[in-house]
Amino acid sequence: MLKKNKIMDCVIIGSGPAGYTAAIYAARADLHPVLFVGMQPGGQLTSTTKVDNYPGFYEGISGNELMENCKKQAERFNTIIIHKTITKVYFSDKKGGIHRVYMKKNEENIESKGIIIATGSSPKFLGLDEEKKFLGLGVSFCATCDGFFHKGKDVAIIGGGDTALEEASFLSKICRNVYLVVRKNYFRASKALQYRISKINNVNIFFCSQITKIMGNDFLEGIQILNTKNKISRTILISGLFIAIGHSPNTKLFKNQLNLDERGYIIVKKGSTSTNKPGVFAAGDVQDPTYRQAITSAGTGCMAALDLEKYLCFC
Ligand code: NDP
């Protein structure tokens, strides 16, 4: 139970792999963490059907089950889990200062010497009808997570950046045909990746193209693509559609308090999870524009708890 007016050692905002791992480590270090689950309990993994690449689960595990296990593990060490969303934060500038996080109603708040931000990022949607309906039923945001389900089948990827080309390269080894749908007549991705893709036979590129329709019954069955130059539409039958048009870090709440990069990611000190405010640490996708894997998020969640433990020893 959360005691009123008690100043906590560790408040964690976010409940994906980073948040729960931070909670497990902080709890075992006797920091008595309080974790706010936020808008999407369990984070992005809960919209992935099966996770096959998280070490230790040799037969794979559903994203939901993995996150439920992480939650139970955090609870086993007495993490206080609060099913509320933080709506406002105040971060102190002073070393050893007290930070405050506000919950929805009546300016209700909690004070803490340490904060771990693990609010993750949200993939950008195309904004088409049916896109959300087929999420986890053919539509995916992660080829490394879901590509295996389309072994020997045809799939499409939308996007022309590094993520899209990395995904295309990965999927080309598993799938029969990979259709890469790019809205401009050129890639945004690095030259090295473009070169790699140009050498792969089963990647078919549609430049100047947009997806105009997503089709299917219980599962995704196909998409309609419009060539924006010659205005010709075509339908391709696919079992998987991978959307790789970028991610947005969930940092709106911290905009005026923390240093963010030009894309909105929290800037952390190299080799650590420290932000520009003493006692405030960031873990997982919210500070990682590059790797964005469950295992790397969990890794930085662990780092954040260790960084906080060390910080509290010196204040
Ligand atoms: P990016 O923002 O770099 O690319 C997004 C791509 O999606 C662009 O081609 C963009 O088109 C396209 N796009 C955006 N919105 C739409 C839309 N509504 N419809 C159709 N297409 C759309 O995102 P990434 O996730 O690819 O990369 C993010 C960052 O991560 C980058 O800095 C990248 O370098 C890095 N990264 C690095 C990797 C590596 O080094 N191996 C691997 C993966 C990511 P347009 O160009 O027309 O705007």
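Listed conditions (1) in contact (Cβ under 8 Å) with a residue 12 or more places away in the chain; (2) outside any strand (DSSP E or B); (3) within 10 Å of the ligand (Cβ to nearest atom) are all met by Ala192, apart from (1). Within segment 147-164, being more than 15 Å from the ligand (Cβ to nearest atom), in a helix (DSSP H, G or I) and among the aliphatic types (A, V, I, L, M) holds for no residue. Cβ separations smaller than 6 Å between residues 6+ apart or across chains give no pair from segment 151-177 residues that are at positive phi and open to solvent by less than 10 Å² (accessible area, probe 1.4 Å) to residues that are of a type in the set (S, T, N, Q) and more than 16 Å from the ligand (Cβ to nearest atom). Just one of the listed residues (Glu131, Glu167) is modelled with pLDDT under 95, within 14 Å of the ligand (Cβ to nearest atom), in a helix (DSSP H, G or I) and among the charged types (D, E, K, R), namely Glu167. If only residues of segment 238-254 that are closer than 18 Å to Asp129 by Cβ and within 11 Å of the ligand (Cβ to nearest atom) are counted, the one that is least open to solvent (accessible area, probe 1.4 Å) is Ile243. Say whether the condition of being more than 10 Å from the ligand (Cβ to nearest atom), part of a helix (DSSP H, G or I) and not basic (Lys, Arg) is met by at least one residue in segment 107-126. Checked against the condition, which is being more than 10 Å from the ligand (Cβ to nearest atom), part of a helix (DSSP H, G or I) and not basic (Lys, Arg), segment 107-126 yields at least one hit.
Table: residues versus (1) part of a loop (DSSP other than H, G, I, E, B); (2) over 17 Å from Ile98 (Cβ atoms).
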{"residue": "Leu2", "(1), (2)": "yes, no"}
{"residue": "Asn5", "(1), (2)": "yes, no"}
{"residue": "Ile12", "(1), (2)": "no, no"}
{"residue": "Ser15", "(1), (2)": "yes, yes"}
{"residue": "Tyr20", "(1), (2)": "no, yes"}
{"residue": "Tyr25", "(1), (2)": "no, yes"}
{"residue": "Asp30", "(1), (2)": "yes, yes"}
{"residue": "Leu35", "(1), (2)": "no, yes"}
{"residue": "Gly38", "(1), (2)": "yes, yes"}
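Would you say Thr235 is touching a Gly at 6+ places or on another chain (Cβ under 9 Å), away from the ligand (no atom under 16 Å from the Cβ), open to solvent by less than 90 Å² (accessible area, probe 1.4 Å) and under 30 Å from Ala305 (Cβ atoms)? No, not satisfied.
Apart from one condition, Leu306 fits all of (1) assigned to a helix (DSSP H, G or I); (2) under 23 Å from Cys145 (Cα atoms); the exception is (2).
The values are calculated or read from the model by the stated rules, or taken from the named source; none is laboratory data. Computed from a predicted model, the values in this text were never measured in an experiment. Using ideal geometry, Cβ is built from the backbone for each residue, glycine included, and neighbour counts are taken over all protein chains shown. Surface accessibility is based on the protein's heavy atoms, side chains included, excluding ligands, DNA and RNA. Shrake-Rupley method; radii C 1.70, N 1.55, O 1.52, S 1.80 Å.
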